[in-house]
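Structure record follows, encoded as structure tokens.
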């Protein structure tokens, strides 16, 4: 896939919009949330902290493969942080994956708070669904007005 088609693919743009909406509401000292599309593009909520995690592409792909195999959420230790990986999908689109990194947490402490972690993952999915629906409604309105303006011009 060339860079241009990747940049303008509907899933890539959807993930970018999801990231913008999600990252606007995350607390500055909260978890690091990362959206990863199926092509490997990455949107971290806090780039510098994400870089410090040193989450290699190999490890990320391993987490993604485990999620694809149905083991969800996947919990692992990366340095002094716990990383939780899950699928990110709406009713219509498989957007890829969402990673939640909890700095200074162990997998045991993450498991103790798994209900809270799953709530965060559900909220990310909800945001994705709402962004997708908003896009669909906008597209529908644009198509409606384009058809109306075309038919109005033809009648004149």
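Can you pull out the residues in segment 34-50 that are surrounded by fewer than 18 Cβ atoms within 10 Å (Cβ to Cβ), part of a helix (DSSP H, G or I) and either touching a helix residue (DSSP H, G or I) at 6+ places or on another chain (Cβ under 6 Å) or touching a residue at least 24 places away in the same chain (Cβ under 8 Å) (or both)? The answer is 49, and nothing else. Taken over segment 18-33, residues that are in a helix (DSSP H, G or I) and crowded, with 16+ Cβ neighbours inside 10 Å amount to 3.
Give the residues of segment 73-92 that are outside any strand (DSSP E or B), under 15 Å from the mean Cα position of the chain (by Cα) and surrounded by fewer than 17 Cβ atoms within 10 Å (Cβ to Cβ), sorted by residue number. Full working, then the answer.
First pass over segment 73-92, keeping only residues outside any strand (DSSP E or B): 73, 79-80, 90-92.
Subset that is under 15 Å from the mean Cα position of the chain (by Cα): 73, 90-92.
Within segment 73-92, 91, 92 qualify.
When you scan segment 95-107, do you find a residue that is part of a helix (DSSP H, G or I), modelled with pLDDT under 95, in contact with a helix residue (DSSP H, G or I) (Cβ under 6 Å, 6 or more places away or on another chain) and within 23 Å of residue 27 (Cα to Cα), even just one? No: segment 95-107 contains no residue that is part of a helix (DSSP H, G or I), modelled with pLDDT under 95, in contact with a helix residue (DSSP H, G or I) (Cβ under 6 Å, 6 or more places away or on another chain) and within 23 Å of residue 27 (Cα to Cα).
What tally of residues in segment 51-69 results from selecting those that are in a helix (DSSP H, G or I) and buried (at least 19 other Cβ atoms within 10 Å of the Cβ)? Before you say what the answer is, go through the steps one by one.
To start, the set of residues in segment 51-69 that are in a helix (DSSP H, G or I) comprises 51-53, 57-68.
Adding the requirement that they be buried (at least 19 other Cβ atoms within 10 Å of the Cβ) leaves 53, 60, 63-64, 67.
Residues in segment 51-69 being in a helix (DSSP H, G or I) and buried (at least 19 other Cβ atoms within 10 Å of the Cβ): 5 in total.
Could you tell me whether residue 17 is in contact with a strand residue (DSSP E or B) (Cβ under 6 Å, 6 or more places away or on another chain) and closer than 23 Å to residue 122 by Cβ? Steps first, answer last, please.
On the way: in contact with a strand residue (DSSP E or B) (Cβ under 6 Å, 6 or more places away or on another chain): no; closer than 23 Å to residue 122 by Cβ: yes.
Spelling it out, it is not the case that residue 17 is in contact with a strand residue (DSSP E or B) (Cβ under 6 Å, 6 or more places away or on another chain) and closer than 23 Å to residue 122 by Cβ.
Filtered by the rule that a residue be closer than 21 Å to residue 46 by Cβ and in a helix (DSSP H, G or I), segment 108-121 gives 109, 110, 116, 117, 119, 120, 121.
The values are calculated or read from the model by the stated rules, or taken from the named source; none is laboratory data. Being a predicted model, the structure only gives us computed values, none of them experimental. Reconstructed Cβ throughout: ideal geometry from the backbone, glycine too, with neighbour counts over all protein chains shown.
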